[in-house]
Amino acid sequence: MSSDKFLDKKSLKKLDRELESLISKIGIDRKTQDEVFDKSTLHTFEKLISGRVIDIVDFPISTGKEGNVFRAITPEKKLVAIKVYRVTTSTFKHISNYIIGDPRFKSLSKNRRDIIYAWTKKEYKNLQRAYDVKINVPRPIKSINNVLVMEYIGMESMAAPLMKDVKLKEPKKIFDKIIDFISKMYTQADLVHSDISAYNILMHKDKPYIIDFGQGVLKGHPNSLEFLRRDIHNVISYFKRLNVSSDENKIFQKITKKS
Ligand SMILES: Nc1ncnc2c1ncn2[C@@H]1O[C@H](COP(=O)(O)OP(=O)(O)OP(=O)(O)O)[C@@H](O)[C@H]1O
Ligand SMILES: [Mg+2]
């Protein structure tokens, strides 16, 4: 199946229908379906434990639309964050739009579970790219199926807060840092985050950390420039309210000219 065909809404709808009919053929109800998926996620957790990636799952940090994030402890007593994508997520269509057009995932089959697994791997790879060019992001540790293990950002007592919940001491400094991250990501890692907002930036020791890289796309993606502009626009709008003014076009041009 070509990625173009896959992109169109009709084929996504068809895919959804196929899945529904498959599920009804197997004769399992919604609850059992969830339980089955839970079982496979549990199995993945067992793998993480037997592979000594983690020792104990501590507690949930966040329960969101697409998945859950837990804190866990490694056998070396280090803290890690574990993001678990729900295989039954209703935002599946949203997800597939960012996978399609990504040359790294060309050979993806059309199975929903495969797409969620690829999405998890994509977040892992995107994190690695950003980490390699020294952007403040959680260091990726492992990804298996729908589970991603990464460095935990926060204090022993609690995870780092989202930027939206923090009163910034030096907003201009933080703004410059975030724009610098966006620029570095684009020019050095060929990557556009595509969902930067105060909801996806953690503040830790007065420094911003960018998280949630699942939507990230490579420069070659057909919509990468549109996503880049949107990221810049969102950051600028947020900081405008904190009295940090800037010129969107100038910043966009500077970043895209650099590369
Ligand atoms: N490495 C990490 N260290 C500490 N906390 C984290 C880490 N990664 C994620 N979190 C917490 O988990 C939350 C959800 O993570 P993320 O934004 O990656 O997922 P999401 O898919 O956007 O979830 P949601 O549906 O809640 O928006 C974050 O807002 C943050 O509070
Ligand atoms: Mg998020």
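The values are calculated or read from the model by the stated rules, or taken from the named source; none is laboratory data. Not measured: the values here are computed from a predicted model. We place every Cβ from the backbone using ideal geometry, glycine too, and count neighbours over all the protein chains shown. Accessible surface is based on the protein model in full, side chains and every heavy atom, while ligands, DNA and RNA are left aside. Shrake-Rupley method; radii C 1.70, N 1.55, O 1.52, S 1.80 Å.
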Peptide ranges 122-134, 209-221, 44-56 listed from the most packed, as the mean C-beta count within 10 angstrom indicates = 209-221, 122-134, 44-56
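What is the percent carbon and sulfur in the accessible area of the range 163-258, measuring with a 1.4 Å probe over the protein chains and ignoring ligands?
Numbers: 2390 of 4970 Å².
So the carbon and sulfur contribution to the accessible surface is 48 percent.
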With all distinct Cα pairs included, what does the Kirkwood hydrodynamic radius of the range 93-251 come out to in Å, to one decimal, could you say?
-> 16.2
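What does the charge count around Val57 come to, taking other residues whose C-beta lies under 12 Å from its C-beta (Lys +1, Arg +1, Asp -1, Glu -1)?
Working: positive: Arg71; negative: Glu46, Asp55, Asp58.
Result for the neighbourhood of Val57: -2.
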Separation of the Asp114 and Ser245 label points, Cα + 7 Å toward Cβ, nm | 5.3
For Arg86, tell me the accessible area in Å² from a 1.4 Å probe, rounded to the nearest 10.
-> 80
On a C-alpha basis, how far is the centre of the range 210-259 from the centre of the range 163-186 in Å? Whole number, if you could?
-> 12
Taking max minus min of the Cα coordinates of the range 163-258 on each principal axis, largest first, gives extents in Å of 37, 27, 18
Accessible area per residue, 1.4 Å probe, Å², for the range 163-258: what's the number?
-> 52
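In the structure shown, do any of Lys184/Lys250; Lys142/Lys164; Lys172/Lys205; Lys207/Lys250; Lys121/Lys254 have a Cα-Cα gap over 20 Å, and if so which?
Values: Lys184/Lys250 16 Å; Lys142/Lys164 28 Å; Lys172/Lys205 16 Å; Lys207/Lys250 25 Å; Lys121/Lys254 31 Å.
Lys142/Lys164; Lys207/Lys250; Lys121/Lys254, as the Cα separations exceed 20 Å there.
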